[in-house]
Amino acid sequence: MAMAAPGQLNVIESPSRGSRSVDCFEKLEQIGEGTYGQVYMAREIETGEIVALKKIRMDNEREGFPITAIREIKILKKLHHENVIKLKEIVTSPGPEKDDQGRPDGNKYKGGIYMVFEYMDHDLTGLADRPGMRFTVPQIKCYMRQLLTGLHYCHVNQVLHRDIKGSNLLIDNEGNLKLADFGLARSFSNEHNANLTNRVITLWYRPPELLLGTTRYGPAVDMWSVGCIFAELLHGKPIFPGKDEPEQLNKIFELCGAPDEVNWPGVQKTPWYNQFKPTRPMKRRLRDVFRHFDRHALELLEKMLTLDPAQRIPAKDALDAEYFWTDPLPCDPKSLPKYESSHEFQTKKKRQQQRQNEENAKRLKMQHPQQHTRLPPIQQGGQHAQMRQGPSHSIHGSQPAVAAGPSHHYGKPRGPSGGPGRYPPGGNPSGGYNHPNRGGQTGGAGYGSGPYPPQGRGAPYGSSGMPAGPGGPRGGGGSGYGVGAPNYPQGGPPYGGSAAGRGSNMGGNRNQQYGWQQ
Ligand SMILES: Nc1ncnc2c1ncn2[C@@H]1O[C@H](COP(=O)(O)OP(=O)(O)OP(=O)(O)O)[C@@H](O)[C@H]1O
């Protein structure tokens, strides 16, 4: 059996044939936990090269090799572009998998299969979550241009990504941005408009045509997601944090207006239009809500967040937009600052640990409140003295600074002097960011990944049971575009109902803090 040379892509028909062993790599640390497997930072023993190993989850042996992995491998095999992640090879582990302590890891599959990728230092969500992170305009333009260039390449090669979101945009310390996670991607043909599933794209980034049940679609679905990311970069937090499909549509209509046969010819023929059509008139408010954005940014955003997919701007035209050709110009990726590695998985883990620490401290405080206040001064050393000072100086005070506790995510603006807050001051006429030549961080555009949206995978309609009953959009009950960031004009009452999605445990705090629900 021929074995692929190191670094040579050995993904021919059967990905496990002729592959090297995973033992050629030393796992360094886990950097991702996706729906379909863990991702590790690893070092190739022979060359010392740092790579990312994505383990293909084989939990359900009977279903065979996962279709998402097959798709991802097949598609990445044909895509070669500087803004698309490079799949280097496939490696296998021959025997039963072991966990870090050498115990069987419960995976019934006899061996493991890993995809070896070039290593990227950050994903956009993890990077944005760094304390005090504020992107400058040239930086946002630089990332957006690379995102569009990579996506244009995919579309020209007749590949739809179908899961564009911050954690799938990888960034290295040279400032390069690459599209990753092609597990939901698929080929399409311009000639043959096949029926495709509409159960794709993570909810917050899912376009209205998919939410209305369309199964014939094209590259425009990815462009909607790009618009959501763009607005998020400028605005400082996700703009459509719906908790289920009906609420997602409602949030879209609140901002982009209700669809009708004038602004979206044919919308009434979409499969679920009657269930989800707005029950009251809704005007497009994008220009009003985001009036503080730079004029060219707003112009481009309008074209991306166009309801009718046929009128939505394609990646190629977006690259020609004035926004990218007027001052301040996109910066050279190499000129961007280098940051310590940050992946969504790690920042999430740190946040969880921080929360746990705070809860422990609170619990301890509640268990012994009297005791502490009554302690005579001489006894107030060590832990007890620290506990009296509350969580921030508690026994956990020696914790390393967290990447982003809840207060980092949706933290209030921390003053105009460019503190660690990521929200630009409300009245900033430059749209909340700085001209790069003016230096400093004060004008950095905000970005916050927010809690984690429901995935575009699995059973996406689990929470709502969509399509909803004939009574129209369900859930939420609120009507306002209630995502009030500190510098964000409130459009109505916040949504009622509970926080949902992957990060509901985190969202709760923030929602209470700022009076909106996911
Ligand atoms: N090449 C890479 N270099 C560095 N980090 C990576 C790389 N590939 C993936 N990651 C990290 O692992 C995370 C999960 O990877 P990926 O999205 O490919 O897995 P997935 O199982 O499809 O995840 P999800 O279900 O979230 O879409 C990414 O968000 C990123 O932080």
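The values are calculated or read from the model by the stated rules, or taken from the named source; none is laboratory data. No experiment lies behind these values; they were computed from the predicted model shown. When we count neighbours, we look across all protein chains shown, and the Cβ atoms used for this are built from the backbone with ideal geometry, even at glycine.
Some notes on this structure:
- Residue check for S167: touching a residue at least 60 places away in the same chain (Cβ under 8 Å), of a type in the set (S, T, N, Q), under 27 Å from R216 (Cα atoms) and surrounded by fewer than 20 Cβ atoms within 10 Å (Cβ to Cβ): no
- Taking the criterion of being surrounded by fewer than 24 Cβ atoms within 10 Å (Cβ to Cβ) and either among the hydroxyl-bearing types (S, T, Y) or over 18 Å from the mean Cα position of the chain (by Cα) (or both), the residues of segment 119-138 that qualify are Y119, G132, T136, P138.
- Subset of segment 185-197 (residues that are modelled with pLDDT under 95 and either of a type in the set (G, A, S) or crowded, with 24+ Cβ neighbours inside 10 Å (or both)): S187, S189, A194
- If only residues of segment 198-220 that are buried (at least 22 other Cβ atoms within 10 Å of the Cβ) and within 16 Å of the ligand (Cβ to nearest atom) are counted, the one that is nearest to E261 (Cα to Cα) is R206.
- Segment 66-95, subset closer than 19 Å to C24 by Cβ and either away from the ligand (no atom under 13 Å from the Cβ) or of a type in the set (D, E) (or both), residue modelled with the lowest pLDDT: G95
- The residue that is farthest from the chain's Cα centre (by Cα), counting only those in segment 21-52 that are within 15 Å of G111 (Cα to Cα) and surrounded by 21 or more Cβ atoms within 10 Å (Cβ to Cβ), is V22.
- Checking each residue in segment 171-197 for being more than 12 Å from the ligand (Cβ to nearest atom) and of a type in the set (D, E, K, R) picks out E174, R186, E191.
- Taking the criterion of being in a helix (DSSP H, G or I), free of Cβ contacts under 8 Å to residues at least 12 places away in the same chain and of a type in the set (D, E, K, R), the only residue of segment 242-289 that qualifies is K269.
- Qualifying residue in segment 154-171 (condition: hydrophobic (A, V, I, L, M, F, W, C), assigned to a helix (DSSP H, G or I), closer than 23 Å to K283 by Cβ and modelled with pLDDT of 95 or more): no
- Number of positions in segment 100-153 that are part of a strand (DSSP E or B), away from the ligand (no atom under 12 Å from the Cβ) and either within 20 Å of K165 (Cα to Cα) or at pLDDT below 85 (or both): 2
- Test: residue in segment 382-390 that is on the phi > 0 side of the Ramachandran plot and at pLDDT below 95: yes
- The set of residues in segment 184-222 being touching a residue at least 24 places away in the same chain (Cβ under 8 Å) and either small (G, A, S) or more than 26 Å from I70 (Cβ to Cβ) (or both) consists of A185, S187, S189, W204, P208, E209, L211, L212, G213, G218, A220.
- Only one of the numbered conditions (1) in a loop (DSSP other than H, G, I, E, B); (2) at pLDDT 95 or above; (3) within 16 Å of the ligand (Cβ to nearest atom); (4) among the charged types (D, E, K, R) is not met by K27, and that is (1).
- Scanning segment 304-360 for residues that are within 16 Å of the ligand (Cβ to nearest atom), basic (K, R) and in contact (Cβ under 8 Å) with a residue 12 or more places away in the chain gives K338, K348, K350, R351.
- Residue, nearest to P94 (Cα to Cα), within segment 31-49, restricted to residues that are out of contact with any Lys or Arg (no Cβ under 6 Å at 6 or more places or on another chain) and within 9 Å of the ligand (Cβ to nearest atom): M41
- Any hit, segment 318-333, residues being part of a loop (DSSP other than H, G, I, E, B) and modelled with pLDDT under 90: no
- Any hit, segment 270-282, residues being in contact with a Lys or Arg (Cβ under 7 Å, 6 or more places away or on another chain) and hydroxyl-bearing (S, T, Y): no
- Hits in segment 269-281 - residues which are surrounded by 13 or more Cβ atoms within 10 Å (Cβ to Cβ) and either basic (K, R) or more than 31 Å from the chain's Cα centre (by Cα) (or both): K277
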